[in-house]
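Since the structure comes first, as structure tokens, the remarks are kept for the end.
Just so you know, all these numbers are worked out from the coordinates, no wet-lab data involved. All figures in this text were calculated on a predicted structure; none of them were measured in a lab. Cβ: placed from backbone, ideal geometry, glycine included. Neighbour counts: every protein chain shown.
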Amino acid sequence: MPLVGDQQEGSAEPQGGNALPVKRDYTEYRKAILEAEPRSQQAFDKTVMALSSGALGVSFAFVDKIVRPGSPVAMSYIAAAWFCWVGSLTLVLVSHYFSALAMRKTVKQIDTDVLHKQHPGGWYDYAIVVLNPLGAASFVAGAILAGLFVLENVR
């Protein structure tokens with residue numbers, strides 16, 4: 001399967017064993033990556049704000065308002081939920097940082113004409129593929145644990 005910028009059949013590249021190396025033109029791809037980086041950072045800021053203020057803020061509010069008077073039970077559920085949400089924030093933070101590094105690495109791969117030989121973004125890109133779902137799963141786990149806490153305390 002050809003990579004971005006590879007010569008296709010019918011190209012101007014000479015046929016046979018005497019073909020000269022062709023420098024691939026990644027100008028538009030490079031431009032798109034450079035334009036995407038600020039958007040990625042903006043999305044990161046919004047995600048962190050939504051997760052931290054939403055999950056933690058709501059959980060702090062309902063401990064005082066929803067839990068029956070007296071001592072709340074099953075505090076380990078809410079503590080674990082907070083741990084999951086902090087973990088989610090950490091995973092999202094690392095993911096966005098790696099995203100910026102992956103974009104920079106891809107630009108460097110383009111500038112040094114090695115993109116056709118290497119995975120765009122290198123290992124940072126692979127890490128992002130793992131970190132994003134882990135961050136989402138951690139957030140969901142925190143929501144489930146918070147729900148269990150509520151169920152234990154409103155009976």
*Once you have the Cα-Cα distance between F60 and V114, take 0.36 nm times their residue separation minus that, and quote the gain in nm to one decimal.*
14.4 nm
*FRET efficiency, 1/(1 + (r/R0)^6) with R0 30 Å, evaluated for V94 and L34 via beta carbons*: 0.85
*With an 8 Å cut-off on Cα pairs and a minimum separation of 6 or more residues, tell me the relative contact order of segment 27-153 in percent.*
38 percent
*Between V154 and T27, what is the label-to-label distance in nm when each label sits 7 Å out along the Cα-to-Cβ direction?*
6.1 nm
*Could you quote the convex hull projected area for segment 27-153, Cα atoms only and averaged over all directions, in nm²?*
8.1 nm²
